[in-house]
Amino acid sequence: FPPALSESAVQAFWVLRDSVYNGVGPESVDAQANSLLKSIGEQQLSANDRALLEARIAYLAGRAWNDQKNKKKAAPWFERAVDAAHSMIALGGETPTALVALAEPLGELSLLKDLGFLISNGPKVGQYANKALETEPKNIKAWLLKASALAYPPTVWGGNYRKALETYATILTMAEPGLPKDVLFD
């Protein structure tokens, strides 16, 4: 978290994340996300830090709605996360953090939207993950995105289940002492 972020906002983020992980109703998660977004809007943060927090919060809110199979409520949150990630890239370049913040909601939107969106954007998820891994080879979130980009599409669109399983196995060896809670959830 950015040092300028208040402790109460940090705690609110952890509550939001755990609410999503624990299957709390999406209406409650939505309210938590909106409250937290308002809180970070009132704090002295850099534009890049604000965009990162917005991307993470919106992604989590989208996940909560998506877990309840509500595409209409999930998609706008994921779109907001994509927009925030694009802002991060415009401000600070294609850092591993920005690329992962972009690839995660883009992958979710590729599953929620129409075939044209999937064809145009689905392959970008693995590309962004690979770019992130070029500069940060132990980025577990990027490895997960790379594995998912191999596991989900059919073979004709670049899917490769064997490589996906090998990639998931690589993640396990990288995190022998244990996987972070976020990674376990994904």
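The values are calculated or read from the model by the stated rules, or taken from the named source; none is laboratory data. Source: prediction; values computed, not measured. Note that each Cβ is placed from the backbone with ideal geometry, even for glycine, and that neighbours are counted across all protein chains shown. We work out accessible area using only protein heavy atoms, side chains counted, and drop any ligands, DNA or RNA first. Shrake-Rupley method; radii C 1.70, N 1.55, O 1.52, S 1.80 Å.
Counted by Cβ distance under 10 Å from Arg17, the other residues give a net charge of +1, where Lys and Arg count +1 and Asp and Glu count -1. Residues whose amide H comes within less than 5 Å of that of Tyr152, counting only those at least five positions distant or on another chain, are absent (H built at 1.01 Å from N in the peptide plane). Among the listed pairs Lys113/Lys138; Lys38/Lys124; Lys72/Lys163; Lys69/Lys141, those with a Cα-Cα distance over 25 Å are Lys113/Lys138; Lys38/Lys124; Lys72/Lys163. Between Ala31 and Lys163, the simple label model (points 7 Å from Cα in the Cβ direction) yields a spacing of 4.6 nm. Computed from phi, the 3J(HN,Hα) profile of the stretch 21-29 under the Karplus parametrisation 6.51, -1.76, 1.60 (θ = phi - 60°) reads 4, 8, x, 4, x, x, 5, 5, 4 Hz, with x in place of Gly and Pro.
Normalise the Cα radius of gyration of the stretch 49-150 by 2.2 N^0.38 Å (N = residues in it) and let me know the number.
Values: Rg = 12.7 Å, N = 102, 2.2 N^0.38 = 12.8 Å.
Output field value: 0.99.
Accessible area per residue for the stretch 39-186 is 53 Å², calculated with a 1.4 Å probe on protein heavy atoms, without ligands, DNA or RNA. Note: relative contact order over the stretch 76-126, using C-alpha pairs below 8 Å and six or more positions apart, is 35 percent. What number in nm² do you get for the chain if you take the convex hull of its Cα atoms and divide its surface by four? Mean shadow area of the hull around the Cα atoms is 10.6 nm². Remark on the stretch 1-96: Rg and Dmax equal 13.0, 36 Å (Cα only). One decimal place: the segment Lys69-Ile119 gains 15.8 nm when fully extended, by the rule 0.36 nm per residue minus the C-alpha distance. Gyration tensor analysis over the Cα atoms of the stretch 91-186 returns equivalent ellipsoid semi-axes of 21, 17, 12 Å (largest first, whole Å). Based on C-alpha pairs under 8 angstrom that are at least 6 apart in sequence, the chain has a relative contact order of 14 percent.
Within the stretch 130-186, the percentage of alpha carbon pairs spaced more than 15 angstrom apart rounds to 48%. Among the GluC sites (Glu not before Pro) within the stretch 21-63, those in coil by DSSP and having at most 13 neighbouring Cβ atoms inside 10 Å are Glu42. In loop segments of the stretch 81-140 as defined by DSSP, the trypsin sites (Lys or Arg not before Pro) with at most 14 further C-beta atoms inside 10 Å of their C-beta are Lys138.
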